[in-house]
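Structure, as structure tokens:
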Amino acid sequence: MDRQVVQLAVRYHPLPPPHNIRIESVPVPTILHPDDAIVKIQLSGLCGSDLHVYRGHQDVNETHICGHEFIGHVVALGSSFHPGSPSSRPALYASLKIGDKVISPFTVSCGECQYCRFGFTARCVSSLVFGSPALQGAQAQYVRVPLAGGTLFSLSTSVDDPLSLSHALSHLPDPAVLLLADVLPTGLFVVLQAFTHPKLAPIFTGIPWPRNVGHHAKGALLSGNTLPYLSSADRVLDVGIVGLGPVGLCATLALLDYLTRADVRRRIVAVDPNQSRRAKMQKIYDALPEDAKGMSGDEFVVADIADAPKVVQAWGRGGCHTVLEVVGSPSALTLSLALLAPSGVLSSCGVHQAPQIPFAGCELYNKNVSLEFGRCSVHSLFVPAVELLLRRRDVLGAIGESGVVDRVIPLRDAVRAYAKFDQGVYGKVVFDPWT
């Protein structure tokens, strides 16, 4: 391992709140468990969920290193990593080596418990989130990765194999690859959480509910009813997206990609109160090729909070079939419910805090609303997110005004970057800890 004993890090201090982050020198982490890895960070990210702590909205009472997105190189490994590691353990324990380039999901997962085996790695029994008092974060020069064999992805294996992950990503800039640590899989997750719901199946299949669910899709209902297939006019999907920060941009690109490949017509309203975020969304949409924007008659409208309900009302369907909420605040949920049609699906990936959900039970009952909430299982969605990144490398691979990654700046400038990101002046920020 590098002999450096202290490192530069961004640390949150709970007192006095809010906005109390500082650039400090702290000890370099060391191996504490045989399953640990120490990673020398090449790039780390600033994420919207970091702002919950920064603003004092999250119940965090301990000083800690911030950040949960990183890409880097392994500089130390625990004793569990060796070629003779049991085949029952995640394969990386047998193959990961010092010097390998790696990327990490924002949560730790063992790869061995039932939740991990089912694919729900975000709820691993040993799960920890980087950038919290329980696990020091990645806005630093080094980071300790617990359960590294079940958590990390190697970008160094089979570089010469044209079918390998590392080869596929080698043609993209590393700041774009860093999107795979959180925001791109999370954007994909909030879309899949909605689109795999049975309530949206009639639009994708043309078959009314519940015949499109389970064995009923193969035959008539037991009652003998023969409801007609849906017309093409019925099969136009109305979608709302609330929040156009980095995750909202990724969710929009995942949404458009999914619907284009599903050959489904769509009307989309993308909502944010911040003019600069709306402008970035429009710029990214305009940069897409025409075949990624759908069919003739499809709509894509970027709107502020006041205008969004008017857009949806003009569609004449009583609301959106689904609304994707990517903010994590009561006001965003209130707007999402207002945009949602009866029997709609509200899919949320926002990191919600202490305030209660601003819905009365009767509001949900009277609209037959389905709620889908939660944290993305990045480890399980990593490969589909890679495929999305490669398909949309034209915009996801861009750095600057026309890309999701807004800028790469020195870690030493993190205090200013947090303030600008909080104000909506900066979009997605990537930190270089060595400049």
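Computed from the coordinates by the stated procedures, all read-outs in this text should not be read as laboratory data. Being a predicted model, the structure only gives us computed values, none of them experimental. A quick note on method: Cβ atoms are made from the backbone with ideal geometry, for glycine too, and the neighbour counts reach across all protein chains shown.
What's the angle, to the nearest 10 degrees (0 to 90), between helix 183-195's Cα axis and the longest principal axis of the chain? Between the helix axis and the principal axis of the chain, the angle is about 30 degrees. Here K97 is the anchor, and the lysines within straight C-alpha reach of less than 29 Å, apart from those fewer than 8 places off in the same chain, are K40. Loop-located trypsin sites (Lys or Arg not before Pro) in the stretch 11-106 (DSSP state other than H, G, I, E, B) with a sparse environment of at most 16 neighbouring Cβ atoms within 10 Å: R55, K97. In angstrom, the C-alpha Rg and Dmax of the stretch 23-85 are 15.1, 47. Spin-label pair V75-H171: with each label point 7 Å from Cα along the Cα-Cβ axis, the two points sit 3.3 nm from one another.
Given the chain, what percent of its DSSP beta bridges are antiparallel, to the nearest 5?
Values: 32 of 62 bridges.
Roughly 50 percent of the DSSP beta bridges within the chain come out antiparallel.
A crude spin-label estimate for the pair V60 and R235, with each label 7 Å from Cα along the Cβ direction, gives 4.7 nm. Neighbours of Y426, meaning other residues whose beta-carbon lies under 14 angstrom from its beta-carbon, give a summed charge of +1 when Lys and Arg score +1 and Asp and Glu score -1. Simple spin-label estimate for H13 and S88 gives 4.9 nm between the two label positions (7 Å along the Cα-to-Cβ direction from each Cα).
Per-residue ellipticity at 222 nm for the chain, helices alone: DSSP H runs ≥ 4 residues times -39500 (n - 2.57), over residue total, nearest 500 deg cm²/dmol? Working shown, then result.
On the way: 16 runs with 127 residues, N = 435.
About -8000 deg cm²/dmol.
Put +1 on the Cβ of each Lys and Arg and -1 on the Cβ of each Asp and Glu in the stretch 318-435; which of S348, V369, P358 then has its Cα farthest toward the positive end of the dipole? About the Cα centre, the residue reaching furthest to the positive side is S348.
Pairs K101/K283; K101/K420; K293/K420; K101/K428: which are spaced more than 26 Å apart, C-alpha to C-alpha? Walk me through the intermediate numbers first.
Details: K101/K283 33 Å; K101/K420 30 Å; K293/K420 31 Å; K101/K428 22 Å.
Those over the limit are K101/K283; K101/K420; K293/K420.
Listing C320, C362, C110 from fewest to most neighbouring C-beta atoms within 10 Å gives C362, C110, C320.
Based on Cβ point charges of +1 for Lys and Arg and -1 for Asp and Glu, what charge dipole magnitude is obtained for the chain about its Cα centre, in debye rounded to the nearest 20? The calculation lands at about 380 debye.
Counting only GluC sites (Glu not before Pro) that sit in a DSSP loop (anything but H, G, I, E, B) with at most 14 other Cβ atoms within 10 Å, what is the longest stretch of the chain containing none of them? The answer is 63-400. Of all the options F359, F421, F204, the one that moves most in a Gaussian network model of the chain with Cα springs shorter than 10 angstrom is F359. If you average the C-alpha positions of the stretch 1-40 and of the stretch 369-420 separately, how far apart do those two centres end up, in angstrom? Taking the Cα centre of each part, the stretch 1-40 and the stretch 369-420 sit 23 Å apart. Considering only alpha-carbon pairs that sit under 8 angstrom and 6 or more positions apart, the relative contact order computed for the chain is 17 percent.
The base-10 log of I(q)/I(0) for the stretch 187-372, evaluated at q = 0.12 Å⁻¹, reads -0.57 [Debye formula, identical scatterers on Cα atoms, solvent excluded].
Placing +1 at every Lys and Arg Cβ and -1 at every Asp and Glu Cβ, with all other atoms neutral, what dipole size does the stretch 187-372 have around its Cα centre, in debye to the nearest 20?
Details: 16 positive and 15 negative charges, 54 e Å.
Approximately 260 debye in magnitude.
The long axis of helix 378-391 is offset from the longest Cα principal axis of the chain by roughly 70 degrees.
Think of the chain as having a plus end and a minus end, set by charges on the Cβ of Lys, Arg, Asp and Glu; of S126, V10, I65, S126 sits farthest toward the positive end of this dipole. Which residue fluctuates the most in the chain, going by a Gaussian network model with Cα springs under 10 Å, if the choices are V386, V26, V183? Largest GNM mean-square fluctuation: V26. With K and R counted +1 and D and E -1, the other residues having a Cβ less than 12 Å from that of G294 yield a net charge of -1.
Using the alpha-carbon positions of the chain, Rg (one decimal) and Dmax (whole number) come out as 22.3, 76 Å. Along the axis of the charge dipole computed for the chain (Cβ charges of +1 for Lys and Arg, -1 for Asp and Glu, origin at the Cα centre), the listed residues G48, P309, I38 are led at the positive end by P309.
With +1 on the Cβ of every Lys and Arg and -1 on the Cβ of every Asp and Glu, and nothing else charged, how large is the dipole of the stretch 240-348 about its Cα centre, in debye rounded to the nearest 20? List each step's numbers first, then the result.
On the way: 11 positive and 11 negative charges, 21 e Å.
Its charge dipole is roughly 100 debye.
For the stretch 360-368, putting each phi into the Karplus relation 6.51 cos²θ - 1.76 cosθ + 1.60 with θ = phi - 60° gives couplings of 8, x, 5, 5, 6, 5, 5, 10, 6 Hz, in residue order, rounded to whole numbers and with x for Gly and Pro. Relative to a virtual label point 7 Å from the Cα of K283 in the Cα→beta-carbon direction, which members of the stretch 396-435 show backbone nitrogen distances below 17 Å? It comes to 396-409, 420-430, nothing else.
When the Gaussian network model of the chain links Cα atoms closer than 10 Å, the mean-square fluctuations of R117, R267, R144 top out at R117.
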